[in-house]
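Since every read-out is calculated from the coordinates, none of them should be taken as a lab result. Here the structure is a predicted model, which is why all the values come from computation and not from measurement. Cβ placement follows ideal geometry from the backbone for every residue including glycine, while neighbour counts extend to all protein chains displayed.
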Amino acid sequence: MNLKKLAAALACCAFLSPALAETVKVEMTVKEVDIAVDNAGNERRMWTYEGTIPGPLVRVTQGDVVEFTLHNHPDNGNSHSMDFHAARVDVLDEFTDVKPGESKSFSFSADYPGVFFYHCGSESMSEHISRGMYGVIIVDPKEGYSDAYPKPDREYVLVQGDLFEAGANAEDITMGNRWEGVLINGKVFHYDPVHDPNASLTLEAKPGERVRLYYVNAMINEAAAMHPIAGIWDRVWDNGNPLNLRHGMQTVEVAPAHGMVMDIIPPAGRATNNAIVDHRMRHALNGGITVLMAHDQADASKGRGEALVLR
Ligand SMILES: [Cu+2]
């Protein structure tokens, strides 16, 4: 075998061979804090994993074992818990309450690839979720990228949650009363300078790049109708599983507590903008719009490395 053939064979193996399973330690502390829920800096009492909405992004490879520890900070007033949608365990064991000042550990094997919700399941679950206790775990497929699941140029995580009025109680929240708006990664109109002059961030890419969105609907009662205004989803993978591929989609329904991976390719050769909306207008016009700018000067760091959730 000559060197060229050997290199080709090795590259082929690296591409196709399953990744070695690893053990991934993840630790989170629940913090009940006052944090800004809009671009003007208006604060609300929210309950969080690690002080941010969404909580930390967890990313593992299919087959990995996640060793998770939840700490409930002693200053907190409530019991909390963790429900990973990527786990197959016992709801009455792993996902049970942790009192303030206590900790709990459990582990699970991430057997299915995709984009999964995680959230607090303590009573009232409606209140714990809508106060911000949620996040995303991406389980990358063990086969890696392929023709059916190509490598993206940029990746962004978007989590859509509810915002209720200060003082709304658990019953209000469950019934959808005193609903105020939509949070995108923790803020109303987080990435939409068109509808909010205080917004300073947008998603960015270069024309022609494949942009992958890992989208999770954390709203407690409402589905989201995800559409990229002035664009088309090139590919959509339901739940983010490479086996669940759809092509050329305009609007994708995402149930509460569900995830979707959606690729968009802004056209090459010109600068364009897309408004990625939940096309239920009540959601869009109350915070659920995200601007994607495609231009040659796109920030090279955005949508790469640690910058998948823009803060
Ligand atoms: Cu909680």
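Could you give the alpha-carbon Rg of the chain over 2.2 N^0.38 Å, rounded to two decimals?
Values: Rg = 19.9 Å, N = 311, 2.2 N^0.38 = 19.5 Å.
Expressed relative to 2.2 N^0.38 Å, the Cα Rg reads 1.02.
Put simply, the Cα atoms of the range 20-140 extend 45, 31, 22 Å along their principal axes, the longest span coming first.
The Cα-based radius of gyration and maximum Cα-Cα distance (Dmax) for the range 154-294 are 15.1, 52 Å.
For the range 130-187, applying the loop criterion from DSSP together with a ceiling of 16 other beta carbons within 10 Å to the trypsin sites (Lys or Arg not before Pro) yields Arg178.
Tally the DSSP beta bridges in the range 154-294 and give the antiparallel ones as a percent, rounded to 5. Show your work: numbers first, answer last.
Values: 34 of 44 bridges.
The answer is about 75 percent antiparallel.
Listed by chain and number, the aspartates and glutamates whose alpha-carbon sits under 12 Å from that of Lys206, ignoring those within fewer than 8 places in the same chain, are Asp153, Asp296, Asp299.
Arrange the following residues from fewest to most other Cβ atoms within 10 Å of their Cβ: Asp172, Asp140.
Working: Asp172 17, Asp140 20.
Ascending number of Cβ neighbours within 10 Å: Asp172, Asp140.
Of all DSSP beta bridges in the range 20-140, what percent run antiparallel (nearest 5)? Mind showing how you got there, number by number?
Values: 24 of 36 bridges.
For the range 20-140, the DSSP antiparallel bridge percentage is about 65.
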